[in-house]
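K.L.:
Mind looking over this structure? Questions follow.
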Amino acid sequence: MRVTIVGGGISGLATAHLAAARGHDVTLIDDAASPGGLISSVRRDGFLCEHGPQAVLDGPAETRALIESAGLSERALQASPAARRRFVYVGGALRPFPASPPALIKTNLLSAAAKLRLFAEPFVGRAKDDESVHAFVARRFGREAADRAAGPALIGVFAGDAAALSVRSALPRVAAMEREHGSILRALFRRKPGAGMGHPVSFPDGLGELPAALARALGGRRRPARAAEISPLAGGWRVATADGAFIECERLVLATPAAATAALLAPHAPEAAAALRAIPHAPVAVACVGFRSADGLGVDLDAYGFVVARGESVGLLGCQYETSVFSQRAAEGGVLLRALLGGTFEPQLVDADDATIAARAVGDLRRAAGLARDPDFVDVWRARPGIPQYDLAHAARVATVDEAVARLPGLAVIGNALRGVGVNDCIAAATRTAVGL
């Protein structure tokens with residue numbers, strides 16, 4: 001069939017690549033100068049900066065298959081062992097984030113009373129209705145675990161407030177553990193070895209190698225244009241581009257950000273367009289902070305990095321120790337840190353100038369991580385509108401979109417605004433879409 005995909009982020013690229021591999025006549029419409037959407041790897045002054053996601057997890061079969069199909073299996077880099085060591089800045093100090101249920105007992109992240117509260121989790125009943133992630137964790141594990149562990153962990157994924165995010169939408173696997181096992185700890189102990197999400201993986205030139213490889217494989221089937229309008233035809237769809245071209249197809253996939261998808265859908269499914277426009281987002285500022293050497297840095301670099309609990313004197317959302325995870329991201333002996341700021345907690349900071357954002361990042365790194373000297377290099381980038389927030393109204397919005405799209409034969413809508421903000425989630429959705437064409 002003739003298949004048109006609108007949107008050149010990882011969702012659209014993966015769908016186009018997989019659909020072409022299945023023998024379809026594919027056209028990808030992408031209005032960006034370079035492929036990848038939020039995935040962007042840039043080399044500057046000897047440092048490899050990730051403006052978007054840093055890595056992809058190699059656990060899901062769909063992700064491994066896409067990497068292999070893109071011809072990148074031999075270039076895949078596993079994260080160093082330091083990636084397993086993570087911290088939370090809370091109570092004025094960096095504290096180890098537990099990597100497993102037994103580690104909860106050893107960590108100084110929780111008080112003795114909070115650790116005792118953990119043992120009651122298997123006896124807590126199931127919830128009947130959806131609730132926020134914070135409320136879910138507080139109910140099952142206690143308030144301190146929600147404040148000091150779950151809240152910071154969600155900041156690292158959504159740059160948003162766990163008290164506003166839906167557990168069923170933001171953490172569907174965790175919600176399923178309660179539903180199916182009656183206990184999160186019981187589910188974790190019963191989980192088969194190797195059933196997790198895997199380990200972080202990237203490439204020598206950054207995660208941007210993946211969308212670049214997918215775009216190369218598409219060749220001329222990736223068309224640089226903006227989709228201005230879509231309209232149904234007998235047995236398919238027509239896409240009108242801003243440069244006056246028309247593309248007809250039997251199947252149409254919209255893999256654009258929520259606002260762009262809403263604009264295209266509005267004439268045909270106004271209720272779906274309204275639901276997409278209502279999805280809140282968290283804008284994020286990224287500051288890549290580089291040092292030519294680690295001498296006198298003052299930071300314990302044997303870690304993935306840290307996230308910051310709310311209510312501290314540090315406004316930073318968190319920091320990834322890039323060269324501790326993938327050493328190739330700086331020249332030999334160099335260090336690259338990546339600080340994240342803004343989110344739903346301080347969205348206006350993203351609109352500040354580069355110097356202000358850089359100063360905030362460095363100042364907070366001094367307070368939280370012990371940074372002892374000024375950087376040799378800083379690169380600032382902004383993600384707007386940012387990361388979709390799966391709040392308590394999200395499931396209803398997704399249902400509205402699904403019901404409306406089901407009434408439009410030959411049309412599919414995917415992207416990080418709906419069912420998972422991570423790269424792995426987007427690849428999984430693209431795989432299902434390509435198989436279902």
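Values in this text are rule-based calculations from the coordinates and carry no lab data. Predicted model, so just to flag it, every value in this text is computed and none were measured. Here the Cβ positions follow ideal geometry from the backbone for every residue, glycine too, while neighbour counts run over all protein chains shown.
K.L.:
What angle do you read, to the nearest 10 degrees and between 0 and 90, between the alpha-carbon axis of helix 209-218 and the longest principal axis of the chain?
P.N.:
10 degrees
K.L.:
Right, something else. Helix 394-406 versus the longest principal axis of the chain: what is the Cα-based angle in degrees, 0 to 90, to the nearest 10?
P.N.:
20 degrees
K.L.:
Here's something else I'd like to know. Given an 8 Å cut-off on Cα distances and at least 6 residues of separation, report the relative contact order of the chain as a percent.
P.N.:
25 percent
K.L.:
Another question about this same structure. Straight-line reach from LYS106: which lysines have a Cα under 26 Å away, not including same-chain ones fewer than 8 places off?
P.N.:
LYS115, LYS192
K.L.:
Here's a follow-up. Tally Lys and Arg at +1 and Asp and Glu at -1 over the other residues with C-beta under 13 Å from the C-beta of ALA138: what net charge comes out?
P.N.:
+1
K.L.:
Let me ask another. For ALA393, list long-range residues whose amide hydrogen, built 1.01 Å from N in the peptide plane, is under 5 Å from its own amide hydrogen.
P.N.:
When sequence neighbours closer than 5 places are left aside, there are no close amide H contacts.
K.L.:
Take every DSSP beta bridge whose two residues both sit in the chain, then give the antiparallel share in percent to the nearest 5.
P.N.:
On the way: 48 of 68 bridges.
In the chain, approximately 70 percent of DSSP beta bridges are antiparallel ones.
K.L.:
Can you return the aspartates and glutamates within cross-link range of LYS128? Criterion is Cα-Cα under 19 Å, with same-chain partners fewer than 8 residues away left out.
P.N.:
Hits, sequence-local ones excluded: GLU178, GLU180, ASP391.
K.L.:
Under the definition of Cα pairs under 8 Å and six or more residues apart, what whole-number percent is the relative contact order of region 281-388?
P.N.:
Across region 281-388, relative contact order equals 46 percent.
K.L.:
Further, regarding this structure: Can you pull out the chymotrypsin sites (Phe, Trp or Tyr not before Pro) in region 104-210 whose DSSP state is coil and whose Cβ has at most 12 other Cβ atoms within 10 Å?
P.N.:
Passing both the DSSP loop test and the Cβ count: PHE119.
K.L.:
Using a 10 angstrom cutoff on alpha carbons, build the Gaussian network for the chain and name the most mobile of THR27, THR63, THR241.
P.N.:
Fluctuation is largest for THR241.
K.L.:
Could you tell me what % of all Cα pairs in the chain have separations over 32 Å?
P.N.:
39 percent
K.L.:
Within a Cβ distance under 11 Å of VAL413, other residues only, what is the Lys/Arg minus Asp/Glu net charge?
P.N.:
Around VAL413, the surrounding residues sum to 0.
K.L.:
Also: Under the rule of -39500 (n - 2.57) per DSSP H run of 4 or more residues, summed and divided by the residues of the chain, what mean residue ellipticity at 222 nm is obtained, to the nearest 500 deg cm²/dmol?
P.N.:
-9500 deg cm²/dmol
K.L.:
Using a ≥ b ≥ c from the Cα gyration tensor of region 95-165 (square roots of the eigenvalues), is it rounded, prolate or oblate, where a/c under 1.5 gives rounded and otherwise the larger of a/b and b/c decides, a/b for prolate?
P.N.:
Oblate is the answer for region 95-165, as a/c is 1.5 or above yet b/c matches or exceeds a/b.
K.L.:
In addition: If pairing requires two Cys Cβ atoms under 4.7 Å apart, which cysteines of the chain are left without a partner?
P.N.:
By the Cβ distance rule, which asks for a partner under 4.7 Å, the isolated cysteines are CYS249, CYS319, CYS426.
K.L.:
Rounded to the nearest 20 debye, what is the charge dipole size of the chain about its Cα centre when +1 sits on each Lys and Arg Cβ and -1 on each Asp and Glu Cβ? Working shown, then result.
P.N.:
Details: 48 positive and 43 negative charges, 258 e Å.
So the dipole magnitude of the chain works out to roughly 1240 debye.
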